[in-house]
1. In region 45-75, how many are in contact (Cβ under 8 Å) with a residue 24 or more places away in the chain, assigned to a helix (DSSP H, G or I) and open to solvent by 70 Å² or more (accessible area, probe 1.4 Å)?
2. If I go through region 108-120 residue by residue, how many of them are under 18 Å from the mean Cα position of the chain (by Cα), in contact (Cβ under 8 Å) with a residue 24 or more places away in the chain and open to solvent by less than 60 Å² (accessible area, probe 1.4 Å)?
3. Within the set of pairs 6 or more residues apart or between chains, which connect a residue that is free of Cβ contacts under 8 Å to residues at least 24 places away in the same chain inside region 121-138 to a residue that is surrounded by 12 or more Cβ atoms within 10 Å (Cβ to Cβ) and not in a helix (DSSP H, G or I) with Cβ atoms less than 9 Å apart?
4. Mind checking which residues of region 128-150 are of a type in the set (Val, Ile, Thr) and either crowded, with 16+ Cβ neighbours inside 10 Å or touching a Cys at 6+ places or on another chain (Cβ under 6 Å) (or both)?
5. Scan region 99-133 for residues that are farther than 17 Å from LEU75 by Cβ and outside any loop (DSSP other than H, G, I, E, B) and jot them down.
6. Would you mention how many residues in region 86-107 are small (Gly, Ala, Ser) and either over 16 Å from the mean Cα position of the chain (by Cα) or crowded, with 20+ Cβ neighbours inside 10 Å (or both)?
Amino acid sequence: ALADADPQVRKAALEHLAHQTKSKLGRHALGMAYYAIGDTKDAQGQLQQAITDVTDDEPNPLSYHTRTALADILLGSGDIKGAGDQLDEALKTNSGYLPALAMQAKVVLKNGEPDRALDLLAPLEKEDGAMTPAANLTLAEALCTHKTNATPQDKVDAETVLTSIKDS
């Protein structure tokens, strides 16, 4: 019945559910739903609430995921420092969270540090399936723009990455 309801009714129902939970998971889930449909304004507000005043009574066991999504929103709005700060906090919570590493590589690349981006992407390249199309785009850009030990092969590798993205 809720799936057939007016979008405003669904939004109100989701807001109500998010308010009822003691943990921050309701806020996280609502924020991620907004994020998934491209409503970054509402997503940012909900995700921010999901990481604010986290306590033992109101935990957010997915705070690293919440912060990674917030970082993507902030990066999209041009706030490179804010995105980096969120990713630093995400990686403090879960240093092995590969999407946060991929997002951090994107942030440092936007900050003019392609060599550091390549270093951050190295662990993802070793993990099967960790290199998403977005991570591969970051890799290709970093390969084309890095300075330290750059070789002509780097440009060929970047072209190969872009071709594989296009083909998939």
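The values are calculated or read from the model by the stated rules, or taken from the named source; none is laboratory data. Here the structure is a predicted model, which means the values were calculated and not measured. All Cβ positions, even for glycine, are placed from backbone atoms using ideal geometry, and neighbour counts span all protein chains on display. For the accessible areas, the whole protein counts, side chains as well, though only heavy atoms, and no ligand, DNA or RNA atoms are used. Shrake-Rupley method; radii C 1.70, N 1.55, O 1.52, S 1.80 Å.
1. 1
2. Within region 108-120, residues that are under 18 Å from the mean Cα position of the chain (by Cα), in contact (Cβ under 8 Å) with a residue 24 or more places away in the chain and open to solvent by less than 60 Å² (accessible area, probe 1.4 Å) number 4.
3. What qualifies is LEU121/MET131; GLU125/MET131.
4. Once the filter is applied, which keeps residues that are of a type in the set (Val, Ile, Thr) and either crowded, with 16+ Cβ neighbours inside 10 Å or touching a Cys at 6+ places or on another chain (Cβ under 6 Å) (or both), region 128-150 yields THR138, THR145.
5. Within region 99-133, ASP115, LEU118, ASP119, ALA122, PRO123, LEU124, GLU125, LYS126 qualify.
6. The number of residues fulfilling the criteria is 4.
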